[in-house]
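Participant: Supplied in structure tokens, the structure appears directly below.
The values are calculated or read from the model by the stated rules, or taken from the named source; none is laboratory data. Since we're looking at a predicted model, the values are computed, not measured. Backbone-built Cβ (ideal geometry, glycine too); neighbour counts: all protein chains shown. Heads up: the accessible areas ignore ligands, DNA and RNA and are worked out on the full protein's heavy atoms, side chains in. Shrake-Rupley method; radii C 1.70, N 1.55, O 1.52, S 1.80 Å.
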Amino acid sequence: MNFQLQDFSPDFQTLKIGILGRCRGMSSLTVNCLRLHDSSLVDFFGPHLLELNLFCCSLLSYQFLAVTGKLCPNLRVLVLELVAQDSPEVFNTNLAEMLTRCLFLDSISLKIRGAGDAEANYFRGIEAFLPKTMKSLKLKPLLHQEGICIINKLRDSGNSLITTYSGNFESPKLSSGLMLQCLSLALDVISNELIITVAESLPFLVELHLEDTPNQEQLVHHDLTNRGLQSLSTCHKLISLSLIRGRHNHQLSFKKLNDMGMFLLSEGCRALESVRFCGFSKVSDAGFASIFHSCNRLKKFEIRNSTHFSDLALEGFHAIGCSITELRLLSCNLITCESVKQLAYSTSLEVLDLRGCKSISDSCIDSISTLCNLSSLNLTSTDITDNGLSVLGQGSLPIVRLSLRSCKRVTEEGIYRLFYGGGTISKTLSALDLGHISGITDRAIQITASAGVRITELCIRSCVHVTDSSVEALGMKKKLQGEGKLLRRLDLFNCIGLSIGAWRSFRGPQFGGLQWLGIGNTRLCSNGNVDMVELCLKRPWLTLCLEGCEVGCHDGWQFHRS
């Protein structure tokens, strides 16, 4: 039996009384643990459990790791998102004890959120305890030197693990044959040494996902160069590659990588099906285009924050990129509508993400409307206007998710045209983001409530002209639509036009299906609010976010105060 509770965060009573009695003996458990302590979960545990996925574990202790190993020795898959607490040494000790008991793990994903400066000590010595059956390893955060140490234990000369850990637990004796296929690490810096070690030690690698947030000093001696990227060309089985340079205090990039490195990579890794790059500031159109031309199995392609990626990189895309299902071009300021026109009539494209491409305007919406299988469209911070939404509203695209966040020229008239244009989007759309748009008013929300029959997720954060009338209309959504869907997730963060009286709409049966509500920086979350306390008691399955997280608290949950 499989059991999943990832979309909302239950409390202990809901989990134990409403669910546990009917789900004993399950083999797979997936839970959002935002409001759960250690004791809330152990009743589910036992030798029967083979897969355990626990997300947003803000209240779980590090001792929970040792308990998991004791009660669930037959685990094959383990996914844990924990919050930084105590000392890293306590974490490492409990992790070691768990791994000595769980000898059959195929997949391990361990993420420590909010680690800060303490990240240097996490996962130290883990290589001595990794099970011989392991095929997938994901760790966050990790120093690149620790990453090199782990990878060196997985060399292809028998891929035997060396168990030299000096702790208090006896390491399992492992035989040869360990062949890691998926490696995902969040590092302090992606270095040449680490990439070369990966290429030389893991010949059967299928997926490689690396991200870093370095400081300037680290980049002087440890940055990735063409030599490191070239070494990956020997990984002929690689089908998914992600190299992401994130923000620290400001945006940094791979300044020692250029087109030559991309040419060598694309020639050696022709089997690539998924590519994600961020921070490739010195790579030009020619380098990016080499991926399209060499990797004819490419399905997913993502570029972020590229200063040189322009329309030329996608020239002739209709001929070479016909199999791509996801295309994400984030904050690529040289991209214009000409690029989008190259995508016209693609029968495979399902996801198109153009957020931050400021030159994207209404003139490319006709081309987007020809993408017959498009289900997700992100136009955040583009120059789309009401006229563009009118074209979308007349089309027959099966769009399920649409983001218009920060499209400054969109008004309530555009929302009307989107839903009443005679097309299909009013019947297919389930998630809509209208955040940070000053032109969104109560009328726009009332239109959405009455015409968006399948919408279950709505973001209107920082829509300052929205008032209590909008909340009332959303509460009446199902009544207005007849057989329409109930809202599951609603983001009202920084809607400063709301008054304390908006709580009236949440008291009764309205919003009966609501699982997540963001009310940070509004009058609704004032200290000592009796209505907020009463709502939490009446609806224990509802997560109230006061911290300003994006919908679902997938990022930021580690900073919750309670």
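Participant: Out of residues 5 or more away from Thr30 or on other chains, whose amide H comes under 5 Å of its own, with H placed 1.01 Å from N in the peptide plane?
Facilitator: When sequence neighbours closer than 5 places are left aside, the close amide H contacts are Phe3, Gln4, Leu5, Asn53.
Participant: Right, another one. For n ≥ 4 DSSP H runs only, could you compute -39500 (n - 2.57) per run for the chain, divide by its residues and tell me the 222 nm figure to the nearest 500? Don't skip to the answer; put the middle values down first.
Facilitator: Values: 20 runs with 152 residues, N = 562.
Taken over the chain, the calculation gives -7000 deg cm²/dmol.
Participant: With a 1.4 Å probe and every protein chain kept in, tell me what percent of the accessible surface of region 237-323 is carbon plus sulfur. Don't jump to the answer; show the numbers that get you there.
Facilitator: Working: 1910 of 3620 Å².
C and S fraction of accessible area: 53 percent.
Participant: What ³J(HN,Hα) values, in whole Hz, does the Karplus curve 6.51 cos²θ - 1.76 cosθ + 1.60 give for region 31-45 when θ = phi - 60°, with x put for Gly and Pro?
Facilitator: After applying 6.51 cos²θ - 1.76 cosθ + 1.60, I find 9, 7, 9, 4, 10, 10, 9, 3, 5, 6, 10, 5, 5, 7, 7 Hz.
Participant: Report relative contact order for region 381-430 in percent, whole number only (criteria: Cα-Cα under 8 Å, sequence separation at least 6).
Facilitator: Numbers: 82 pairs, mean separation 26.0, N = 50.
Computed value for region 381-430: 52 percent relative contact order.
Participant: Along its three principal axes, how long is region 1-142 when you only count alpha carbons? Whole Å, largest extent first please.
Facilitator: Each principal axis gives a Cα extent; for region 1-142 these are 41, 31, 21 Å.
Participant: Roughly how big is the chain's charge dipole about its Cα centre, with Cβ charges of +1 (Lys, Arg) and -1 (Asp, Glu), in debye to the nearest 20? Don't skip to the end; give the middle numbers.
Facilitator: Details: 55 positive and 53 negative charges, 232 e Å.
Computed about the Cα centre, the dipole is about 1120 debye.
Participant: Could I ask something else about it? Where the only charges are on Cβ atoms (+1 Lys, Arg; -1 Asp, Glu), what is the dipole of region 180-297 about its Cα centre, to the nearest 20 debye? Write down the numbers at each step before the final one.
Facilitator: Values: 10 positive and 12 negative charges, 46 e Å.
Roughly 220 debye for region 180-297.
Participant: I've got another one for you. Put Glu534, Glu217, Glu200, Glu81 in order of accessible area, largest first, 1.4 Å probe: what do you get? Mind dumping the intermediate values first?
Facilitator: Working: Glu534 70, Glu217 145, Glu200 110, Glu81 20 Å².
Order by accessible area, largest first: Glu217, Glu200, Glu534, Glu81.
Participant: For Cα pairs less than 8 Å apart in space and 6+ apart in sequence, what is the mean separation divided by the residue count of the chain, i.e. the relative contact order in percent?
Facilitator: Working: 1401 pairs, mean separation 38.1, N = 562.
Relative contact order for the chain comes out at 7 percent.
Participant: Tell me the carbon and sulfur percent of the accessible area for region 1-142, rounded to whole percent, probe radius 1.4 Å.
Facilitator: Numbers: 2690 of 5290 Å².
C and S fraction of accessible area: 51 percent.
Participant: Just reorder Lys300, Lys427 by solvent-accessible area, largest first, 1.4 Å probe, all chains present. Write out the running numbers ahead of the final one.
Facilitator: Working: Lys300 90, Lys427 130 Å².
Putting Lys300, Lys427 in descending order of accessible area: Lys427, Lys300.
Participant: Any idea what Rg and Dmax come out to for region 180-297 if you just take the C-alpha atoms, in Å?
Facilitator: According to the Cα coordinates of region 180-297, Rg and Dmax are 13.2, 39 Å.
Participant: Can you return the lysines within cross-link range of Lys237? Criterion is Cα-Cα under 20 Å, with same-chain partners fewer than 8 residues away left out.
Facilitator: Lys135, Lys138, Lys299, Lys300
Participant: What list of ³J(HN,Hα) couplings, whole Hz, do you get for region 508-525 from phi and the Karplus terms 6.51, -1.76, 1.60, once you set θ to phi - 60° and write x for glycine and proline?
Facilitator: So the J values, rounded to whole Hz, are x, x, 4, 6, x, x, 5, 10, 9, 9, x, 10, x, 6, 10, 5, 5, 10.
Participant: Students often forget the sequence filter, so: which lysines lie under 19 Å Cα-Cα from Lys477 once same-chain residues fewer than 8 apart are removed?
Facilitator: Filter leaves Lys427, Lys485.
Participant: Roughly how big is region 1-142's charge dipole about its Cα centre, with Cβ charges of +1 (Lys, Arg) and -1 (Asp, Glu), in debye to the nearest 20?
Facilitator: Details: 14 positive and 13 negative charges, 83 e Å.
Here the size comes out at about 400 debye.
Participant: Right, here's the next one. Work from the charge dipole of region 1-142 (Cβ charges, +1 for Lys and Arg, -1 for Asp and Glu, about the Cα centre) and give the residue of Leu52, Ser27, Gly125 farthest towards its positive end.
Facilitator: Ser27
Participant: Rounded if a/c is under 1.5, else prolate if a/b beats b/c, else oblate: with a ≥ b ≥ c from the C-alpha gyration tensor eigenvalues square-rooted, which is region 318-400? List each step's numbers first, then the result.
Facilitator: Working: a/c = 1.56, a/b = 1.11, b/c = 1.41.
Because a/c hits 1.5 or more and a/b fails to exceed b/c, region 318-400 counts as oblate.
Participant: Still on this structure, please answer the following. In what sequence, largest accessible area first, do Lys477, Lys132 appear using a 1.4 Å probe?
Facilitator: Working: Lys477 5, Lys132 90 Å².
The residues order as Lys132, Lys477, largest area first.
Participant: Projecting each Cα onto the charge dipole of the chain (Lys/Arg +1, Asp/Glu -1 at the beta carbon, about the Cα centre), which of Thr441, Thr225, Ser469 comes out farthest on the positive side?
Facilitator: Comparing the listed Cα positions along the dipole, Ser469 ranks first.
Participant: Rounded, prolate or oblate: pick one for region 409-562, where a ≥ b ≥ c are the square roots of the eigenvalues of its C-alpha gyration tensor, a/c under 1.5 means rounded, and failing that, prolate if a/b is larger than b/c, else oblate. Intermediate results must be reported in sequence, preceding the final value.
Facilitator: Working: a/c = 1.69, a/b = 1.48, b/c = 1.14.
Taking the square roots of the gyration eigenvalues as a ≥ b ≥ c, region 409-562 is prolate.
Participant: When a/c is below 1.5 the answer is rounded, else prolate if a/b is larger than b/c, else oblate, so apply that to region 395-452 with a ≥ b ≥ c taken from the square roots of the Cα gyration tensor eigenvalues. Provide the component values of the computation, followed by the final result.
Facilitator: On the way: a/c = 1.79, a/b = 1.44, b/c = 1.25.
Prolate, because a/c is 1.5 or more and a/b exceeds b/c.
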